[in-house]
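Remarks on the structure that follows.
Values quoted throughout were computed directly from the atomic coordinates according to the rules given, and no laboratory measurement underlies them. Everything numeric here is computed off the predicted structure, so don't read it as measured data. Ideal geometry is used to build each Cβ from the backbone, glycine not excepted, and the neighbour counts take in all protein chains shown.
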């Protein structure tokens, strides 16, 4: 069974927005897409830019630095220059808490 860590309050990530949380020194971005939360590594696999500073386009996050796109659900790169997927994590709301399993 996955172990979840509380990273904040459930209402901290508004629909259509992203927020970056630090968990034991590791940066995780959480995006709210149409009311569904998605958690993924904040660091682009191309040149370590913060994905949380990028944009959401549909089910994709677009890196601010070089426009690499990743599927928020699977982590797969959708367009270059990135070719390596980003890790994605389970995320849930429980008792008002926002929780992620790394």
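Tabulated data
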item: Paramagnetic label zone (point 7 Å from Cα along Cα-to-C-beta, residue 73; backbone N under 17 Å) in the range 1-42; result: 16, 31-40
item: Shape of the chain, Cα gyration tensor, a/c cut at 1.5; result: prolate
item: Estimated distance in nm for a label pair at residue 92 and residue 53, the labels positioned 7 Å out from Cα along Cα-to-Cβ; result: 3.4 nm
item: Protection proxy ranking of 52-63, 4-15 - average other beta-carbon atoms within 10 Å, highest first; result: 52-63, 4-15
